[in-house]
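A.B. asks: Below is a structure I'd like to ask you about.
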Amino acid sequence: MLFPPTPLFTENSVPDLSGKVALVTGANSGIGKETARVLLAKNAKVWIACRDVSKGKAALKELKQRTGRDAHLLKLDLSNLKSIKDAAEEFSRQENQLHILFNNAGVMGPPVETITDDGYDLQFGTNVLGHFYLTKLLLPILISTAKSSSEGTVRVVNTSSNAYLLSGLEFDTFKDGPKRRADSTYRLYGQSKTGNIIFSAELHRRYQHQGIISTALNPGIIKSQLGRHHNDLMQRLGNMILAWDISYGPLTQLYAGTSPEAAKLGGQYLIPWARIGTPRADTQDPQLGKELWTWLEEQVAV
């Protein structure tokens with residue numbers, strides 16, 4: 001995936017999205033902000049969800065300057081389950097439709113000792129559990145939107161990474177403990193990206209008949225702030241040698257979320273740029289999907 005072919009799907013390929021409501025997590029910077037920009041330019045009503053309100057407001061201002069259109073801000077901390085519940089409730093008070101949910105936010109490579117407010121590995125807790133809980137809480141509005149829309153479907157787009165190849169799932173490292181503390185932050189990141197793919201496939205199995213089209217994707221190696229926990233030399237070298245310009249970052253997830261042909265790709269894993277990929281076999285195992293889903297449900301049970 002270091003040198004994908006020239007993209008056939010570009011920003012100009014995104015159809016007019018008038019009347020559509022989209023929510024993008026982690027949209028105050030990087031790929032999320034670029035995704036929000038294109039959605040706004042294509043006339044969607046866009047909500048950007050982020051943890052830091054001041055950074056979110058700065059992103060709103062920039063998006064307005066670049067597109068001439070106003071986005072909406074939703075405070076969301078994916079490392080805090082109460083914050084997720086509050087955000088979902090606030091969104092549901094403000095909106096009665098949601099056509100595209102981009103589970104885009106992520107954290108990569110923090111110090112191993114960092115955990116979520118609820119005691120989970122920061123990467124798995126944010127990247128997987130946080131997005132699972134947000135999606136679960138928004139299922140009623142997603143399903144009702146699918147029923148009332150002309151297409152009869154909505155999209156949930158889950159951003160993974162080629163780093164999923166670093167690891168499968170080790171359930172006893174999802175929460176903090178000695179085994180997790182002795183682990184590598186990079187394996188834990190790969191595990192979270194594997195979790196994104198498995199969750200996406202299981203979401204498709206469970207809710208496709210209610211109009212939810214769930215896909216997972218690798219957006220490519222993109223110059224962004226995701227690697228902010230890496231040492232400066234590593235990040236500089238990666239950006240100089242391997243990373244693609246940020247403009248390429250949103251292409252695959254925009255394809256998944258907006259392209260008419262992607263409406264037939266529920267359960268698939270996409271790779272740069274806007275192509276169908278073949279992920280590792282275990283990520284498509286229904287039994288593993290069921291086991292992960294059960295664990296996730298247990299963590300957010302009232």
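The values are calculated or read from the model by the stated rules, or taken from the named source; none is laboratory data. These numbers come from a predicted model, not from an experiment. Note that each Cβ is placed from the backbone with ideal geometry, even for glycine, and that neighbours are counted across all protein chains shown. Only protein heavy atoms, including side chains, enter the accessible area calculation; ligands, DNA and RNA are left aside. Shrake-Rupley method; radii C 1.70, N 1.55, O 1.52, S 1.80 Å.
A.B. asks: Sorted by mean Cβ packing within 10 Å, highest first, what order do the peptides 281-292, 186-197 take?
C.D. replies: Put in order of decreasing packing, that is 186-197, 281-292.
A.B. asks: Starting from 0.36 nm per residue, how many nanometres of slack lie between LYS264 and LYS55 once their C-alpha separation is accounted for?
C.D. replies: Here the answer is 71.7 nm.
A.B. asks: Report relative contact order for region 16-299 in percent, whole number only (criteria: Cα-Cα under 8 Å, sequence separation at least 6).
C.D. replies: 17 percent
A.B. asks: Rounded to a whole number of µm²/s, how large is the Stokes-Einstein D of region 1-116 at 4 °C and 1.567 mPa s, given Rh as the Kirkwood radius over C-alpha pairs?
C.D. replies: 85 µm²/s
A.B. asks: What is the set of long-range amide H partners of GLY277 at a cut-off below 5 Å, with H atoms built 1.01 Å from backbone N?
C.D. replies: When sequence neighbours closer than 5 places are left aside, the close amide H contacts are TYR269, LEU270, ILE271.
A.B. asks: 5 Å is the cut-off here: which amide hydrogens, built 1.01 Å from N in the peptide plane, fall below it relative to ILE213, excluding neighbours closer than 5 in sequence?
C.D. replies: Here the answer is VAL154, ARG155, VAL156, since their amide H atoms fall under 5 Å of that of ILE213.
A.B. asks: Please calculate how many Å² of accessible area region 1-112 carries per residue, with a 1.4 Å probe and no DNA, RNA or ligand atoms counted.
C.D. replies: 44 Å²
A.B. asks: Give, rounded to the nearest 20 debye, the magnitude of the charge dipole that region 30-106 has about its Cα centre when Lys and Arg contribute +1 at Cβ and Asp and Glu contribute -1 at Cβ.
C.D. replies: With Lys and Arg at +1 and Asp and Glu at -1, about 260 debye.
A.B. asks: For region 75-169, give the percent of accessible area contributed by carbon and sulfur heavy atoms, probe 1.4 Å, rounded to a whole number.
C.D. replies: Heavy-atom surface of region 75-169 belonging to carbon and sulfur, 1.4 Å probe: 50 percent.
A.B. asks: I would also like to ask the following. List the residues of region 3-23 whose backbone N lies under 19 Å from a point placed 7 Å from the Cα of SER148 along the Cα-to-Cβ direction.
C.D. replies: Within reach of a label on SER148: 17-23.
A.B. asks: While we're on this one: Based on the alpha-carbon gyration tensor of the chain, what equivalent-ellipsoid semi-axes (square roots of 5 times the eigenvalues) come out, in whole Å, largest first?
C.D. replies: After scaling each eigenvalue by five and taking roots: 26, 22, 20 Å.
A.B. asks: Work out the FRET efficiency for ASP245 and ALA281 from their Cβ-Cβ distance, taking R0 = 25 Å, and round it to the nearest 0.05.
C.D. replies: 0.15
A.B. asks: From zero outward in steps of 5 Å, how is the percent of C-alpha pairs of region 21-68 spread across the bins?
C.D. replies: Percent of pairs per bin, in order: 5, 26, 38, 24, 6, 0.
A.B. asks: Dipole size in debye (nearest 20) for the chain around its Cα centre, Lys and Arg Cβ +1, Asp and Glu Cβ -1? Don't skip to the end; give the middle numbers.
C.D. replies: Values: 34 positive and 29 negative charges, 142 e Å.
Charge dipole of the chain: 680 debye, to the nearest 20.
A.B. asks: With 30 Å as the limit, write out which pairs from LYS82/LYS264; LYS136/LYS264; LYS20/LYS175; LYS42/LYS264; LYS57/LYS147; LYS61/LYS147 have Cα-Cα distances beyond it, or answer none.
C.D. replies: Over 30 Å Cα-Cα: LYS82/LYS264; LYS20/LYS175; LYS57/LYS147; LYS61/LYS147.
A.B. asks: Okay, moving on. Tell me, how many Å apart are the Cα centres for region 50-77 and for region 109-182?
C.D. replies: 23 Å
A.B. asks: Which value in nm describes the separation of the simple spin-label points at LYS64 and GLU11, placed 7 Å from the Cα toward the beta carbon?
C.D. replies: Simple spin-label model gives 2.0 nm for this pair.
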